[in-house]
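The next block holds one structure in the form of structure tokens; read it before the comments.
The values are calculated or read from the model by the stated rules, or taken from the named source; none is laboratory data. As the structure is a computational prediction, the values presented were derived from the model and not from experiment. All Cβ positions, even for glycine, are placed from backbone atoms using ideal geometry, and neighbour counts span all protein chains on display. When the accessible area is computed, the model is the full protein with side chains, heavy atoms only, and any ligands, DNA or RNA have been set aside. Shrake-Rupley method; radii C 1.70, N 1.55, O 1.52, S 1.80 Å.
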Amino acid sequence: MNLRLLLSLLLVPLLFAQTAFADLTRLSDNVYAYVGTTDASPARSFAANAGIIIGKDGVLVVDTLTSAKEGQRFLADIRKVTDKPIRYVVNTHTHLDHAFGNCVFAGLGAVVISHTADRALLEKLGTDILKKVGGYGLKPEDMVGTEISLPSLFFSDRLSIDLGGEVVELIRVEPSHTEGSVVVWLPKQKLLFSGDILFTDFHPFLADGDFNGWYKTLDSLLALDVERIVPGHGPLSGKKDLREMKEYLARFDGAARQLAAKGMDGDAIAAELLKILPKRSMAEWMVGYNVKSRYLKKQ
Ligand SMILES: [Zn+2]
């Protein structure tokens, strides 16, 4: 066998492995996350981010992606980084793309944590959403083995967890993306997991959103001692992105209200919004979905 052929045979699986699996990005000695995933297909959790914080005593997982399959992919990537026990899962909120992989980690004995309100939301709607995932573009095979795994620990204001050498602060923000959205703050590292309070380069999912609470939340995060932010969707971000998110939300809401008041139908409003909003990923279908779920009822 000549050398070139041998080399290419050795390199092909390596290249494939790198492109096929977006491994966790190292953000510090003990923090890793998926950030900036561009494949926003339903089977790849709509490009939702997730991450881990490793302490002396074990691992805390932030969000768990869309399904058992996706949770298993995440777990396999975690095991490339650490073999410590996974002790906690925090759901920044309990939407499909952040909490339906919980079952994988609960099965390993991790304590699943969320805000009280978002636990209630998952308890009320989870099983039904699981039955209707086709509406989100998911196929039955994408969801094989997925079960709703409710948080067993829930809180109303703030919770601190000492992982051994690293204290993690869970802070309930104003009702915003969801009623019980939570951010995960590492004060020593000035690092924040914002969940879907922040979408960077992606159009936000707004159906359950409270705009006034969301603006207040973005202001409170701007005042927090933070340098780097893992957004719910999009690349590693900072305070500039929080400001842009606030502007984007205000622009969307203002224009959508005006257009709806003119009596335009949902598709026409969405088409108009797509012309005036800054370009963001997933906007093509999300803008229409948001308009129909929020603005048309109020006419
Ligand atoms: Zn999300």
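Quick look at the values:
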{"read-out": "Distance in nm between pseudo-label sites at residue 275 and residue 224 (7 Å out along the Cβ direction from Cα)", "value": "3.9"}
{"read-out": "By average C-beta atoms within 10 angstrom, highest first, the peptides 95-107, 199-211", "value": "95-107, 199-211"}
{"read-out": "Cut-off 11 Å between beta-carbons: net charge of the residues surrounding residue 199, Lys and Arg +1, Asp and Glu -1", "value": "-3"}
{"read-out": "Selection from 255, 231, 121 lying farthest towards where the dipole of the chain points positive, charges on Cβ", "value": "255"}
{"read-out": "For the chain, diffusion coefficient by Stokes-Einstein and Kirkwood Rh (Cα), 10 °C, 1.306 mPa s, µm²/s", "value": "80"}
{"read-out": "Full-extension gain in nm, residue 247 to residue 167, via 0.36 nm per residue minus C-alpha separation", "value": "25.6 nm"}
{"read-out": "Beta bridges per DSSP with both ends in the chain, % antiparallel, nearest 5", "value": "60"}
{"read-out": "Residue 44 accessible area, 1.4 Å probe, all protein chains in place, Å² to nearest 10", "value": "60"}
{"read-out": "Percent RCO, i.e. relative contact order, over region 178-299, from Cα pairs under 8 Å lying at least 6 residues apart", "value": "27"}
{"read-out": "Accessible area in the full protein assembly, largest first, 1.4 Å probe, for 280, 26", "value": "26, 280"}
{"read-out": "Computed E for residue 285/residue 152 - FRET, C-beta separation, R0 45 angstrom, nearest 0.05", "value": "0.85"}
{"read-out": "Coordinate range along principal axes, alpha carbons of region 245-299, Å, largest first", "value": "27, 20, 17"}
{"read-out": "Nitroxide proxy distance, nm - points 7 Å out along Cα→Cβ at residue 265 and residue 72", "value": "4.4"}
{"read-out": "Helix-derived mean residue ellipticity, 222 nm - over the chain, DSSP H n ≥ 4, -39500 (n - 2.57), to 500", "value": "-12000 deg cm²/dmol"}
{"read-out": "Helical segments meeting 15 Å axial Cα length and Kyte-Doolittle 1.6 threshold in the chain (DSSP H)", "value": "3-20"}
{"read-out": "Exposure of residue 136 as accessible area (Å², to 10), given a probe of 1.4 Å and all protein chains", "value": "80"}
{"read-out": "Protein-only accessible surface order, largest first, of 286, 264 at 1.4 Å", "value": "264, 286"}
{"read-out": "Rounded percent of accessible protein surface that carbon and sulfur make up, the chain, 1.4 Å probe", "value": "56"}
{"read-out": "Contact order normalised by residue count of region 14-144, Cα under 8 Å, 6+ apart, percent", "value": "20"}
{"read-out": "Segments 232-244, 69-81 sorted - mean Cβ within 10 Å per residue, highest first", "value": "232-244, 69-81"}
{"read-out": "Descending semi-axes in whole angstrom, ellipsoid equivalent of region 143-299, from the Cα gyration tensor", "value": "31, 18, 14"}
{"read-out": "Residues of region 3-238: accessible area per residue with a 1.4 Å probe, Å²", "value": "42"}
{"read-out": "Rounded, prolate or oblate (a/c below 1.5 giving rounded, otherwise prolate when a/b exceeds b/c) for region 196-235 by Cα gyration tensor", "value": "oblate"}
